[in-house]
Amino acid sequence: MDPTTDGERVGVTPFASIESLRERLIGVRLPVGSYHITAHEAWLAADATLVTPHPEIAHPLFAYIAGICGMGWDLDHLFTQMDSSSQDGPMFGELSVEQQRPLRVGETLVVTGEVTEVVRKQGSVGQFDLMTLTLGLSGEDGEVAAVVTNRFVFPRWRSPSGD
Amino acid sequence: MATEPSEVASARQGDPTSGLSQPASPRLEVGAAIPALEISAVPTGPMKVMALVLRDPNPIHFDTESLRRLDLPERPINQGPNNVGYVLNSLTAWAGEPGAVEAFHVRFLANVLAGDRVVTGGQVTEISGDGQDQVVTCSVWLDRGPGHDQDRVLEGTARVRLRGARG
């Protein structure tokens with residue numbers, strides 16, 4: 001999700017008009033997925049952020065990790081839905097997490113998702129699209145544990161191909 | 001990691017999750033600074049670990065050869081979530097409780113490369129009461145580079161719950 005390409009390679013995938021993308025994607029719900037917070041991954045992820053892992057409370061990053069790893073689309077599929085690919089240099093633009101409670105090591109979360117916004121903007125280096133994906137994490141009791149909102153940036157350095 | 005790199009020692013100081021240190025009592029007033037955490041040189045090993053945890057196949061986080069092919073500096077690019085993690089760790093250390101961060105919102109502004117120095121920052125912007133707890137809203141950020149070359153990598157806000165009456 002980080003920029004992986006230089007200017008020449010950005011925009012290799014033909015993409016539709018913003019009206020078409022919005023009509024196609026806004027409101028689309030992802031297949032329901034799940035994510036289990038294993039003890040070893042909780043330990044490793046916390047350690048990777050350079051903090052001593054807690055044995056019971058998952059690092060607050062786990063709302064993001066559970067959402068992105070447990071959602072019903074993988075990232076390649078998500079990029080394809082936006083007429084893009086990893087070769088086009090999609091980026092991670094914004095992240096919001098609202099937790100109802102701390103996530104626990106060892107619990108399994110049900111992950112639901114919906115595309116909530118698609119917009120096209122003009123930046124200093126060219127046109128780009130923003131896709132907002134809202135993910136819900138529910139615990140084994142069925143109660144919402146966290147809501148995660150990811151905003152992805154899709155560079156569009158050239159004109160749309162049309163539909 | 002079996003061995004803790006010396007360059008991250010400052011990031012692990014005051015770690016409330018270790019159970020070995022006493023977190024400083026948060027100074028509760030609007031405008032108060034969140035104590036900074038500094039990583040003098042972002043290490044590459046944790047990027048590889050996070051790539052596995054995130055199931056992120058992008059080689060820019062672990063394969064310098066792929067970076068060379070892309071005409072990028074041959075220093076792996078840290079995952080955005082790792083950068084967020086440093087900021088969250090500063091809030092958790094300040095609050096003294098691993099589950100204290102209730103919400104956060106960040107915008108990613110730039111990449112962090114292996115070897116970069118980064119420093120977290122934050123400031124209390126609002127305090128509200130909630131029974132015996134206090135709920136604190138903060139502006140947060142992560143800066144990269146020393147001195148005049150310093151630039152902002154991410155910025156946003158966070159909400160932290162401080163258990164029990166304080167201040």
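The values are calculated or read from the model by the stated rules, or taken from the named source; none is laboratory data. Bear in mind the structure is a predicted one, so any value in this text is a computation, not a measurement. Please note: Cβ atoms are built from the backbone with ideal geometry, for glycine as well, and neighbour counts cover all protein chains shown. Accessible surface is based on the protein model in full, side chains and every heavy atom, while ligands, DNA and RNA are left aside. Shrake-Rupley method; radii C 1.70, N 1.55, O 1.52, S 1.80 Å.
Across peptide B:45-55, the mean count of Cβ atoms from other chains lying within 10 Å of each residue's own Cβ comes to 5.
Ranking B:98, B:80, B:112 by how far each Cα lies toward the positive end of the dipole of the range B:63-142 (charges on Cβ) leaves B:112 at the top. Averaged over peptide A:58-65, the number of partner chain Cβ atoms lying within 10 Å of each residue's Cβ comes to 6. When only the Cβ of Lys, Arg, Asp and Glu is charged (+1, +1, -1, -1), the dipole of chain A relative to its Cα centre reaches about 400 debye. Dipole check for the range B:76-167: with +1 at the C-beta of Lys and Arg, -1 at the C-beta of Asp and Glu, and the Cα centre as origin, the magnitude is about 80 Debye.
Contact residues in the range A:85-105 (at least 20 Å² less accessible area with all protein chains than alone, 1.4 Å probe): A:92, A:93, A:94, A:95, A:96, A:97, A:98, A:99, A:102. Shielding value for A:36-47 is 3, the average number of Cβ atoms from other chains within 10 Å of each residue's Cβ.
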